[in-house]
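Working notes, structure below.
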Amino acid sequence: MKSALKSLFGKWFLSPIGLVFGLISFNVLGGGIEGHVFLRGTPPPEVPVDLTNFPDCRSVRKEPLTTRHYVCGTNGGLANVFVFIREGLQGRSFPTPTNEVVLDQYHCGFHPYMLGVQTGQVLRIKNSEPYMETVHAVALTNKGFNIAQPPNTSARFKFDRQEILLRIKCEIHPWEFAYVGVVEHPFYAVTDTNGWFRLPENLPPGRYVLEAVHQKLGKQAQTITVEEGQTVNVRFEYQSPYKNAP
């Protein structure tokens with residue numbers, strides 16, 4: 001009888017306790033990272049693009065065309081800097097985004113100039129020009145490609161490995177470039193015209209290495225600590241390579 005009661009009470013009392021504990025979850029409020037990237041000094045002048053031998057481009061672009069190496073805001077903020085978590089997320093897995101990242105060709109260039117995509121996510125490359133373009137991905141760790149792209153068409157690609165930065169260019173118009181940061185997680189951003197960036201929210205609390213990458217000025221890194229529910233403000237600063245910079 002005692003054994004039977006023990007079995008009965010074990011069934012009706014112990015099992016629900018296990019069930020309750022199985023349903024309990026502990027939600028940790030993640031943190032955030034935002035900040036600015038600045039260029040100290042005068043940015044080097046952009047180089048004009050000579051369109052004399054490119055009547056196709058001249059037909060759609062009326063204003064002068066230049067390179068986009070050092071795009072800065074009035075506050076000295078540096079645009080087109082790729083900022084991402086370089087260390088601190090090892091061993092974690094993140095779902096592949098279902099939305100497509102779009103890279104478009106119009107006004108004689110790739111837009112945006114700098115962008116990010118997660119491994120396995122679809123990068124859709126469009127040609128919105130009324131003439132032929134090409135898309136050549138110069139990859140080091142991923143599989144590259146080089147295709148012709150007729151007017152008003154698009155193609156979709158995926159990258160399997162992290163690569164900072166992957167270069168995309170047009171073989172017909174040699175000034176047309178775009179740069180892609182391919183990362184294994186969603187915690188990345190690209191600075192705007194004022195040099196401002198914000199990583200996606202809910203970064204797990206912890207210690208991280210945050211890296212900023214500029215196509216011409218190279219890399220900078222900072223070690224930061226993200227606490228639960230807090231936003232960390234970060235500042236990166238590059239020195240202008242312009243010889244006449246103050």
For the stretch 97-183: rounded, prolate or oblate by the Cα gyration tensor [a/c cutoff 1.5] = prolate
task = Counting only DSSP beta bridges with both residues in the chain, tell me the antiparallel percent, nearest 5.
result = 70
note = In the chain the cysteines whose Cβ sits 4.7 Å or more from every other Cys Cβ are CYS72, CYS170
query = Relative to the Cα centre, what is the charge dipole magnitude of the chain, using +1 at the beta carbon of each Lys and Arg, -1 at the beta carbon of each Asp and Glu, and rounding to the nearest 20 debye?
reply = 780
remark   = Two pseudo-spin positions, 7 Å from Cα along C-beta at ALA155 and at ILE172, lie apart in nanometres by 1.3
query = Going through the stretch 105-163, which trypsin sites (Lys or Arg not before Pro) have at most 11 other Cβ atoms within 10 Å and a DSSP loop state?
reply = LYS143
message = I want to check the label-to-label distance for GLN220 and VAL234. Put each point 7 Å from Cα in the C-beta direction and report it in nm to one decimal.
response = 1.1
inquiry  = Given Cβ point charges of +1 (Lys, Arg) and -1 (Asp, Glu) and nothing else, what value in debye, to the nearest 20, does the dipole of the stretch 48-163 about its Cα centre take?
reply    = 220
ask   = In the set (i) 18.5, 61; (ii) 24.7, 101; (iii) 17.1, 53, which value of Rg and Dmax of the Cα atoms in Å was calculated from the structure you see?
value = (ii)
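Bear in mind that the values in this text are calculations on the coordinates, not laboratory data. Everything numeric here is computed off the predicted structure, so don't read it as measured data. We place every Cβ from the backbone using ideal geometry, glycine too, and count neighbours over all the protein chains shown.
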